[in-house]
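One structure is given below, encoded as structure tokens.
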Amino acid sequence: MKAEGLLMIAEQQILERLLFQIRRLAPPGTEVRPDIALVDELGLDSMKVMDLLMELEDEFDISIPLNVLTDVRTPAQLAQAVFTLMEHADGAVR
Amino acid sequence: MALFDKFSKLAQERAALGQSGLNPFGTRIDEILSPTVGRIGDRQVILAGTNNYLGLTFDPGCIQAGQQALAQEGTGTTGSRMANGSYGSHIALEAELAEFMQRRSVIVYSTGYLANLGVIGTLAGPSDIVLLDADCHASIYDACRLGGAQVIRFRHNDAADLERRLLRLGERARECLIVVEGIYSMLGDRAPLREIAEVKRRLGGYLLVDEAHSVGVLGANGRGLAEELGVEADVDIVLGTFSKSLGAIGGFAASQHGDMELLRYASRPYIFTASPSPASIASVRAALRVMQARPELRQRLWANAQRLYQGLAGLGYRTGPEPSPVIAVLLGSAQEGMAFWQSLIDLGVYVNLVLPPATPGGQALVRCSVSAAHSGEQIERIIQAFARLRDRLPPAAAVTDHRVHTGGLA
């Protein structure tokens, strides 16, 4: 239970960092919720989303292949994808 | 209905742009009068938005070679390279290109786009990693999707950023494919290939350089940026096109790798499309000979490029970071870009308009392409047209520091 709790915190932290980054890209005054669609609702173009991944790679010091975007629509889904990659990167969540 | 729903945003954007009655992405060039002059409607324009770097599209020898092949071998091959579409001329061109590029193996594809799909999309499968410069051409991104490779971008022209990403990969870096371009098509800037080659030598991986805009343009013999910088030995695969300095259509991959020839049996964009027409192949063979026999064409191209770049920069326009046959002028919003582009046509100058998100920095730009066939007088007329529009630019698009510095597509 304790380990699971730590994992949940880690994922939450990833999401918060991610939301922080996305707010910088979103049109001023837009509410950036975890479940907002990055492209369809926030209007981010493909280049902005790919650049966001590059920022996240540096922030969390992991490799994030563009391929994760296939299944990602929202910040929450992206945070989940990053979390999974971090788990697999070295077997432990940093 | 649902299939087309995804285009609703595109339709809105197009409608908004179309209210002006202009369509820069559907220009009809009614007549081509020379490599550098065309007619759009009732207006004669200087063509400054082609990729006709050496001006060979109207070279008499190239035209004659094409006509002869048309008469002798017919209008098309009607088949794949793997089946009935490899004529003696296709094979001869591959041998001539191999000699020119000084590489053991050359494979000819039907377009440059297909060459990227056929090489990157076949070599890099789902378990492989491709590290590509963030500003790479769409064909490279599409190639990665075709093969299902894992794609990691590094910041444009930033060898240190590439190194950081290779280091993250640990041992896997040794197997990955690094992809960059000789000259980037949007801003005309070159890859820091010496630094990238050095990183590759140290950390491993294969290096592929797309020299679509630099073959015939850079290097003492015109082999591209790798030749210019003396790092050809570090480049595992060179990709090139016939649709720019060679003035026709088609593409090729050149490599020293012993197994490169196997791609002919595995590369779907090689196998499942018709081969280039005999006339195209023949004109490319002739153009390749001209390119080698007349290095003065390259010198003239660069003299024109320098003059136009200095002229536009001197007017205070924001241009790409270095003189190049591709000269981008950054303009501001899409609407401003559209109006500017149309005004240039009205002044008798055709250039390419590029709108975000295809542009670095999220700004509209017009892209001038210089040709060796442009006369000094034509270059001056292009500069004069830009001079007349100088006052119409919004203040944001005209700054003291005229060069744009890219650091990824921010």
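Going by the structure shown, is B:Asp234 at pLDDT 95 or above, among the acidic types (Asp, Glu) and over 22 Å from B:Leu146 (Cα atoms)?
yes
Got at least one residue in region B:201-223 being open to solvent by 20 Å² or more (accessible area, probe 1.4 Å), at pLDDT 95 or above and acidic (Asp, Glu)?
For region B:201-223, residues open to solvent by 20 Å² or more (accessible area, probe 1.4 Å), at pLDDT 95 or above and acidic (Asp, Glu): absent.
So which residues in region B:112-125 are open to solvent by 40 Å² or more (accessible area, probe 1.4 Å) and within 22 Å of B:Ala248 (Cα to Cα)?
B:Tyr113
When region A:52-62 is examined, which residues are found to be within 8 Å of chain B (Cβ to nearest Cβ) and buried (at least 20 other Cβ atoms within 10 Å of the Cβ)?
A:Leu53, A:Met54, A:Glu57
Within the bounds of region B:163-176, is there any residue that is within 24 Å of B:Ser324 (Cβ to Cβ) and buried (at least 24 other Cβ atoms within 10 Å of the Cβ)?
So far as region B:163-176 goes, no, none of its residues is within 24 Å of B:Ser324 (Cβ to Cβ) and buried (at least 24 other Cβ atoms within 10 Å of the Cβ).
Can you tell me which condition B:Gly247 does not meet? The list is (1) in contact with a strand residue (DSSP E or B) (Cβ under 7 Å, 6 or more places away or on another chain); (2) buried (at least 22 other Cβ atoms within 10 Å of the Cβ), and all the others hold.
(1)
How about region A:63-73: which of its residues are open to solvent by less than 20 Å² (accessible area, probe 1.4 Å) and at the interface with another protein chain (Cβ under 9 Å from one of its Cβ atoms)?
A:Ile64, A:Pro65
Please work out which one of (1) touching a His at 6+ places or on another chain (Cβ under 8 Å); (2) free of Cβ contacts under 8 Å to residues at least 60 places away in the same chain is the condition B:Gly125 fails and give its number.
Just one mismatch for B:Gly125, condition (1).
Just one of B:Leu56, B:Leu93, B:Leu70 is aliphatic (A, V, I, L, M), within 16 Å of B:Ser245 (Cβ to Cβ), at pLDDT 95 or above and over 18 Å from the mean Cα position of the chain (by Cα); which is it?
Exactly one of B:Leu56, B:Leu93, B:Leu70 is aliphatic (A, V, I, L, M), within 16 Å of B:Ser245 (Cβ to Cβ), at pLDDT 95 or above and over 18 Å from the mean Cα position of the chain (by Cα), namely B:Leu93.
Could you tell me which residue of region A:34-51 is farthest from the chain's Cα centre (by Cα), considering only residues that are hydrophobic (A, V, I, L, M, F, W, C) and more than 11 Å from chain B (Cβ to nearest Cβ)?
In this case the residue turns out to be A:Leu42.
Tally up the residues in region B:250-280 that are surrounded by fewer than 23 Cβ atoms within 10 Å (Cβ to Cβ), touching a strand residue (DSSP E or B) at 6+ places or on another chain (Cβ under 9 Å) and hydrophobic (A, V, I, L, M, F, W, C), please.
5
The values are calculated or read from the model by the stated rules, or taken from the named source; none is laboratory data. Predicted model only: the values in this text are computed from it and were never measured. Reconstructed Cβ throughout: ideal geometry from the backbone, glycine too, with neighbour counts over all protein chains shown. These accessible areas exclude ligands, DNA and RNA; they are computed on the full protein's heavy atoms, side chains included. Shrake-Rupley method; radii C 1.70, N 1.55, O 1.52, S 1.80 Å.
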